[in-house]
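Where a number appears in this text, it was derived from the coordinates with a stated rule and is not lab data. Keep in mind it's a predicted model, so treat the numbers as computed, not measured. Backbone-built Cβ (ideal geometry, glycine too); neighbour counts: all protein chains shown.
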Amino acid sequence: MKKKIAVVTGGAGFLGSHLCDKLISEDVSVICLDNLLTGRMENIEHLISNPDFQFIKLDVTNYIFVPGHVDFVLHFASPASPIDYLKYPIQTLKVGSLGTHKALGLAKEKNATFLLASTSEVYGDPLIHPQSEEYWGNVNPVGPRGVYDEAKRFAEALTMAYHRYHGLSTRIVRIFNTYGTRMRLDDGRALPAFISQALNGEDITVFGDGSQTRSFCYVSDLVEGIYKLLLSNESMPVNIGNPNEITIEEFAEEVIRLTNSKSKIIYQDLPVDDPKVRQPDITRAKEILGWSPKVSREEGLKLTLEYFRNAKK
């Protein structure tokens, strides 16, 4: 039987690299495309000598050329943390629009299944809670976060256009807050920021009054859900995330306790358009994919802490 081949854009990133691992573990050969704007070679260095893995340094907003047969195209290229997409606003918009167009074009040329990594940020600062896939969102298109939110919303629209107009087999995963090994300590998201500050004995910076909520999903759970979605026949968006909601203040206290840190919590102004709540309704993922998260936050945090401690050495 011929081995399946997957192209993963953004494959050297935090999520992309774990996805490459998962696909290879399922006996799929992987072609990883990444321009290393926010991805890192160290995330994939363990795969470089694997005959089922190929890395090509490429900016997918310019062109994508891959010779031969391809079964799956998974589009994960994009800055994904506020610190990154505010630093690279135009690149973020380009990879969500031009990059998605190029990746869809590759899937169409190869008659491959296309999977888009979308985000819970398409819901913006939501007016309903928890967020289900039927909710259209509350996004500020001209705010600083709009470069990421609207890029992903456009990417979803383009993916559905290719599905409806060209009959392309497409999947859309809306990814909620995810954490785990290979995150960058300096990527600006709450979890690595809190852990970094706690490990360094610095005060932990909470934005706003800390009452805003997030729902954190461990990376192995997320990747399992994405793989199940890829193999399904579901073309409409599916939320993948952990519905176990926690306030940012409670989360900071949890990190302090797990790290045995002497850090204190300090408060700063809430960034513009920062969502007040975030919790996935995963009913569709349970019903369609038979998926739900398995790793508890405490268990996942211990694994992540161990990785960050080693990364600091």
Working only within the stretch 293-313, note down all residues that are part of a helix (DSSP H, G or I) and closer than 14 Å to residue 241 by Cα. 297, 300
Can you name every residue in the stretch 147-174 that is touching a residue at least 60 places away in the same chain (Cβ under 8 Å) and either farther than 27 Å from residue 231 by Cβ or assigned to a loop (DSSP other than H, G, I, E, B) (or both)? 147, 148, 168, 169
The strands (runs of 3 or more DSSP E) lying entirely within the stretch 208-292 that contain at least 2 residues which are exposed (fewer than 15 other Cβ atoms within 10 Å of the Cβ), aliphatic (A, V, I, L, M) and in contact with a Gly (Cβ under 8 Å, 6 or more places away or on another chain) are none
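Does residue 60 satisfy the condition of being more than 30 Å from residue 271 (Cβ to Cβ), in contact (Cβ under 8 Å) with a residue 24 or more places away in the chain, aliphatic (A, V, I, L, M) and buried (at least 24 other Cβ atoms within 10 Å of the Cβ)?
no
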The number of residues in the stretch 95-136 that are buried (at least 19 other Cβ atoms within 10 Å of the Cβ), charged (D, E, K, R) and not in a loop (DSSP other than H, G, I, E, B) is 2
Determine which single condition residue 70 fails, assuming it passes every other condition in (1) touching a strand residue (DSSP E or B) at 6+ places or on another chain (Cβ under 6 Å); (2) in a helix (DSSP H, G or I); (3) of a type in the set (Val, Ile, Thr). (2)
Can you run down the residue pairs with Cβ atoms below 8 Å, 6 or more apart or on separate chains, where the first is in the stretch 1-19 and in contact (Cβ under 8 Å) with a residue 40 or more places away in the chain and more than 18 Å from residue 45 (Cα to Cα) and the partner is of a type in the set (D, E, K, R) and part of a loop (DSSP other than H, G, I, E, B)? 3/27; 3/52; 4/27; 4/71; 5/71; 6/71
So residue 79 clears everything in (1) in contact with a strand residue (DSSP E or B) (Cβ under 9 Å, 6 or more places away or on another chain); (2) in a loop (DSSP other than H, G, I, E, B); (3) over 21 Å from residue 228 (Cα atoms) except one condition, right? Which one? (1)
